[in-house]
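What follows is one structure encoded as structure tokens, with my remarks underneath.
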Amino acid sequence: MYKLLIIGATSAIAQATAKVFAERHPKDLALFLVARDGQKLEAMAADLKVRGAITVDFAVLDLNDFEQHQSVIQQAVQKLGGLDTVLIAHGTLDDQQACEQDYQHAEQCLRTNFLSVVSLLTPIANEMEKQHYGCIAVISSVAGDRGRQSNYIYGAAKGALNTFLQGLRNRLHRSHVHVLTVKPGFVDTPMTAHLKKGALWAQPESVAVGIYQAIQKRKNEVYLPWFWYGIMTVVKNIPEPIFKRLKM
Amino acid sequence: MADNYESWGRFPKVSQRIIPLSWRHEPLPLPDDAAIPILVQGVGRSYGDVCLNDGGVIFSARGLNRYIHFDAETGRLCCEAGVTLADILTLCVPQGWFLSTTPGTKFVTIGGAIANDVHGKNHHRAGTFGNHVVQFELLRSNGERLLCSSDSNPQLFAATLGGLGLTGLITWAEIQLKPIAHRAIQAETIQFYDLEEFFTLSVESDAPYEYTMAWVDCNSQGRSFGRGIFFRGNHIAAEDAPKTWKVSKRTLTMPMDLPGFALNRHSVAAFNFLFYHQQSQKSVTKLVDYNPFFYPLDAVLRWNRLYGKQGFLQYQCVVPYTDHRIIAAIIQKIVDSGMGSFLAVLKTFGQVASPGMLSFPKAGVTLALDFPIKGAQTFELLEYLDDMVVEANGRVYPCKDARMSPKNFKHYYPQWETFAQQVDPSFSSSFWRRVTR
């Protein structure tokens, strides 16, 4: 039985990824879902059961409630009887201007997108280190690759997350635990519903297949869709004296 | 799949605001201005403007794509309205269940199949899609959630089946599937020389065959007039099922719009000639997968680009089969115009009563074909055909329509005023405003 824990399970990318797992592991998947909204979790659990998951359990939790992290991870480990893969998919795309005007906003953005992941991965990493196997996949963002005026608070949170995951990967390598950093570009989800869509936008379903494949191939880092690797290589290599003049 | 919320015929072009729906239990995100009309769209596979809302809001139901319950013992499936028939087949066929009836594409949502009360090759046995809907939940703009079935809110149930999405949002629906022993179909294709032969084949096939339909050449005059190919088939029985079966997953995608001149009298005639002569014998029987049998066009994704940017019109009518000369006269008119495209479909509808107030199918013979838009003459021809259908006491299918006149709509659907009483006051569509003007 494949044991999968998904945190931030009701996000569009997480939902799509859970479906891919259910399809690729028919009658061989045990799931534990964590998210804030119980009604959504119930709808998702029923769907995944019809799609062939053997068991789907869930816990309702606001991930900004750090004190509950340790116990919810324990609960998941107990229910599943171990962890094959953990997918961390929660996040918020905060309003950059609000973050600039008010530190409270900026701090909230950093807490949700960076610190909460550190808090969750502490017990998860320790558990997997004990197990001597497993995969930790975390959804970060291309926004963490370089600070830009249009979203640098969110970008700073994701950048810090990327650095944290590099270190964690380095630490867990000798315990045979695989750490995957997922860097999606623009994805058409409720989180981005207010933004205008163009040719670079991807559907969560295609990003989900990319995540599944990267987990199977034990990649360290993956840009989704793939062409973001090229775009971000260019963006990262523009000299700072020029970059600071650009409107991005 | 169309991702810009156009309809499949890509005509008319409209301007509308898109709001995606993600969860069935959430309230409708109504616009602040209550005067702005709202409409729900599935995947935009209806041809004309029943799925469009010019100047209004479109709620996209694609995100309502979760299953709720499937009982593999009884074949009852309950799911959200944005689940597509393709999804349902992927889930249910390996477990021995099939759609009780299916339209010619599987890339439609269950909500769309209900809203247009679609039909398939087994109409003469199974009736319409609505005949197999057990119940659904309707979310009205005032926030009410109504369980609709033949027992509960029967008026709204009947209005919503074939109700073109005007009665509210279908959040989820429960349907009855039918058992099959294997995914293969025992299929026979038979050449016929004229319409008389088509009718003879129809009459003799309806009892022994679950699925019947025909392709008719709408381009050939004289001796070839009314020629075509008759398709009939049955699900294979358990004892005849093959031990191994290879499923082809290959699809092509139409990469770009073809220029308007690519489809003309000569290219269509050449296609029809080849299609008619695809087999050298009068009749060929073979075992085929359900995909090519039911959904031959689904193998080419976005085939609507064949007709170019300006789009196309599909015309589908049904006329009673008391007199074969009516359908012959309609086909003659199309042949004379030289404007019809390839792949005209001919099928007899059976006696099963359609469950929806505004359902299209009724006993008779139905003809469907595409027309590339070549200016006013295309619209004039279809208007002329409309009048022939009125005279024959027939109907034209709203799901395919982008241009029928209000007068003719009211002729085809005299019950429209009873239906209008069930329409949600906040819901409307480009089609509805056009035909009730």
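The values are calculated or read from the model by the stated rules, or taken from the named source; none is laboratory data. Quick caveat, the model's predicted, so the values are computed rather than measured. Glycine also receives a Cβ, built like all others from the backbone with ideal geometry; neighbour counts cover every protein chain displayed. Side chains included, ligands, DNA and RNA excluded: accessible areas come from the protein's heavy atoms. Shrake-Rupley method; radii C 1.70, N 1.55, O 1.52, S 1.80 Å.
Among residues of the range A:39-50 that are more than 8 Å from chain B (Cβ to nearest Cβ), those with a Cβ under 6 angstrom from a residue that is aromatic (Phe, Trp, Tyr), sequence gap 6+ or separate chain, pair up as A:41/A:58; A:45/A:58. Screening residue B:280 on (1) open to solvent by less than 30 Å² (accessible area, probe 1.4 Å); (2) among the small types (Gly, Ala, Ser); (3) without any contact (Cβ under 8 Å) to a residue 40 or more places away in the chain shows it passes everything except condition (1).
Per-residue answers, yes or no, for (1) within 23 Å of residue A:118 (Cα to Cα); (2) more than 14 Å from chain B (Cβ to nearest Cβ):
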position	(1), (2)
A:168	yes, yes
A:174	yes, yes
A:191	yes, no
A:219	yes, yes
A:238	no, yes
A:242	no, yes
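For the condition away from chain A (no Cβ under 14 Å) and among the β-branched types (Val, Ile, Thr), residue B:38 qualifies. Any residue that is surrounded by 15 or more Cβ atoms within 10 Å (Cβ to Cβ) and among the aromatic types (Phe, Trp, Tyr) - is there at least one of those in the range A:124-137? Within the range A:124-137, not a single residue is surrounded by 15 or more Cβ atoms within 10 Å (Cβ to Cβ) and among the aromatic types (Phe, Trp, Tyr). Here is the figure for the range A:138-178: residues that are open to solvent by 50 Å² or more (accessible area, probe 1.4 Å) and within 16 Å of the chain's Cα centre (by Cα) total 4. Within the range B:370-385, residues that are of a type outside the set (S, T, N, Q) reach partners that are part of a loop (DSSP other than H, G, I, E, B) and open to solvent by less than 10 Å² (accessible area, probe 1.4 Å) with beta carbons closer than 7 Å, at six or more positions or on different chains, in the pairs B:370/B:341; B:371/B:340; B:371/B:341; B:372/B:341; B:373/B:311. Only a single criterion out of (1) touching a Pro at 6+ places or on another chain (Cβ under 6 Å); (2) exposed (fewer than 14 other Cβ atoms within 10 Å of the Cβ) is not satisfied by residue B:307, namely (2).
Please give the number of the condition residue B:332 fails out of (1) open to solvent by 50 Å² or more (accessible area, probe 1.4 Å); (2) modelled with pLDDT under 90; (3) farther than 30 Å from residue B:94 by Cα. Of (1) open to solvent by 50 Å² or more (accessible area, probe 1.4 Å); (2) modelled with pLDDT under 90; (3) farther than 30 Å from residue B:94 by Cα, only one is false for residue B:332: (2). In summary, strands (runs of 3 or more DSSP E) completely within the range A:1-84 and bearing 3 or more residues that are within 26 Å of residue B:78 (Cβ to Cβ) and open to solvent by 10 Å² or more (accessible area, probe 1.4 Å) occur at A:55-60.
For (1) open to solvent by less than 90 Å² (accessible area, probe 1.4 Å); (2) in a helix (DSSP H, G or I); (3) over 20 Å from residue A:150 (Cβ atoms); (4) among the acidic types (Asp, Glu), each residue gets a yes or a no:
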position	(1), (2), (3), (4)
A:191	yes, yes, no, no
A:197	yes, no, no, no
A:200	yes, no, no, no
A:206	yes, yes, yes, no
A:211	yes, yes, yes, no
A:215	yes, yes, yes, no
A:223	yes, no, no, no
A:233	yes, yes, no, no
A:246	yes, no, no, no
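Selection within the range B:54-70: residues that are more than 10 Å from every other protein chain (Cβ to nearest Cβ) and open to solvent by 10 Å² or more (accessible area, probe 1.4 Å). The member of this set that is farthest from the chain's Cα centre (by Cα) is B:55. Taking residues in the range A:74-94 that are under 19 Å from residue A:17 (Cβ atoms), and partners anywhere that are aliphatic (A, V, I, L, M) and open to solvent by 30 Å² or more (accessible area, probe 1.4 Å), the pairs with Cβ atoms closer than 8 Å and at least 6 places apart or on different chains are A:91/A:191; A:92/A:191; A:93/A:191.
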